[in-house]
Every structure is written in structure tokens, then in C-alpha cells.
Amino acid sequence: MTFNDQPELKGETLRLRGLREEDREALFLAASDAETWAGHPAKDRHQREVFDPYFDMLLGAGGTLIVFDKATDKAIGCSRYYVGPDAPDDISIGFTFLNHRYWGGEVNLRMKQLMLDHAFNHFDRVWFHIAPDNIRSQKATMKLGARHVYDATLALSGGRVSDYCCYRLDRADWQARL
């Protein structure tokens with residue numbers, strides 16, 4: 001059975017689907033506030049000249065899901081499935097951002113819940129690779145039940161090598177949490 005890394009996923013409040021070229025403006029609008037990138041390693045991604053190469057990478061790499069608030073039908077961020085070089089038999093979730101207006105509630109949990117439920121239909125483990133200084137993402141990932149396993153220097157985005165905190169969530173732990 002082949003894993004569909006760009007499924008249509010629907011929850012009560014969110015809708016996720018595969019990223020398309022025609023989503024560029026809607027996703028840029030979600031990304032265009034500097035506050036959205038506070039605490040993120042790419043603090044200038046709200047600028048068009050920085051966002052466009054990021055969007056091109058997401059589109060070209062595949063596996064990226066754009067996230068819509070069902071109440072407004074507006075794009076609010078994205079996340080991505082990918083195969084990490086440190087876990088080639090598993091799936092990873094990352095490259096996530098949400099517009100800062102959606103922080104602090106259940107949006108990230110609901111988005112990841114949809115993605116994890118889909119991933120665990122095919123994989124026993126899901127990995128998250130998070131920059132050491134991205135404390136917000138580390139805390140959110142631990143709330144999902146993922147455990148910090150090790151730190152590594154990896155090439156994840158366009159061959160650029162960076163340091164990451166590597167978290168793993170096992171299917172059994174996810175199912176026990178529900």
C-alpha cells in the first residue's frame with residue numbers, strides 16, 4: 001500500500017489538502033506577518049523575497065499540505081510529510097507554520113491529529129525534526145506525546161545542513177493518548 005503524502009484531510013475546524021501553485025498568494029498572506037515567525041529560525045520569512053523560495057521548495061519537494069480554517073475558508077499555514085535521512089523507513093512531519101493568530105489554542109493539535117492519524121495507517125513511527133532554538137515547536141510536539149530521542153546534524157531542506165532536536169512518536173503511544 002502506497003502512502004499518499006498529499007491527502008485531503010478534514011476535521012471539525014480544519015481542512016488540509018495538497019499544496020498547489022495557485023496557493024502561493026493565500027499562503028503568503030498567512031505568512032506575511034513578522035509575528036508569525038517570532039521564535040522560528042527563519043525570522044524573515046514574512047518577506048516576499050524570502051517566502052517565495054520557501055514556497056517553491058515546499059511545492060517542489062511534495063508532501064506539503066496547506067491548512068484552511070473551515071469557518072473562514074482562509075489559508076492559515078501548512079505542514080509537510082517527508083522522509084528524514086535519519087529514519088528512511090518511517091515518515092516525518094515538519095516544515096510547519098501557522099499564522100500567529102492561531103497560536104495558543106487547539107489548531108496545531110487538530111492539524112497534527114489529522115496528519116498523524118493518516119500517517120499511522122501506514123507507519124509505526126513518526127519523526128519531528130526541530131531547530132534547537134524553536135522552543136514553541138518543541139513544546140507543541142511534546143504535547144502530542146512525542147519524545148526527544150537525540151540531536152543530529154541533518155540536511156532536510158534543500159541540502160542545507162542544520163542542527164535538529166529529533167523527536168519520535170510511536171503509533172502505540174499515539175493510540176494510548178486518544
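The values are calculated or read from the model by the stated rules, or taken from the named source; none is laboratory data. Quick caveat, the model's predicted, so the values are computed rather than measured. A quick note on method: Cβ atoms are made from the backbone with ideal geometry, for glycine too, and the neighbour counts reach across all protein chains shown. Accessible surface areas use protein heavy atoms only, side chains included; no ligands, DNA or RNA. Shrake-Rupley method; radii C 1.70, N 1.55, O 1.52, S 1.80 Å.
Observations on the structure shown:
- Simple label model, 7 Å out from Cα along Cβ direction - R110 to D56, nm: 3.4
- Dipole of region 1-133, positive end: most advanced residue of P41, M115, G94 [Cβ charges, Cα centre]: M115
- Taking the 1.4 Å solvent-accessible surface of the chain as the whole, the part contributed by carbon and sulfur is 49%.
- In the chain, helices alone account for a calculated mean residue ellipticity at 222 nm of -8500 deg cm²/dmol, with every DSSP H run of four or more residues adding -39,500 (n - 2.57).
- Sequence-distant residues sharing a close amide H with F120 (under 5 Å, placed H): none
- All-pairs Cα distance distribution in region 84-127, expressed in whole percent, bin size 5 Å: 5, 20, 26, 21, 14, 10, 4, 0
- Pairs of C-alpha atoms in region 58-99 farther apart than 17 Å represent 39 percent of all such pairs.
- Computed label-point distance, nm, for sites A176 and E25 using a 7 Å Cα→Cβ extension: 4.9
- Based on Cα contacts under 8 Å between residues 6+ apart, the chain shows a relative contact order of 19 percent.
- One chain, two ends: A152 and D33. Fully extended at 0.36 nm per residue, the span grows by 39.8 nm beyond their Cα-Cα distance.
- For the chain, a crude dipole built from +1 on the beta carbon of Lys and Arg and -1 on the beta carbon of Asp and Glu, taken about the Cα centre, is about 460 debye to the nearest 20.
- Per residue, region 1-59 exposes 56 Å² of solvent-accessible protein surface, assessed with a 1.4 angstrom probe and all protein chains in place.
- Using the Cβ-Cβ distance between E49 and T72 with R0 set to 25 Å, the FRET efficiency works out to roughly 0.35.
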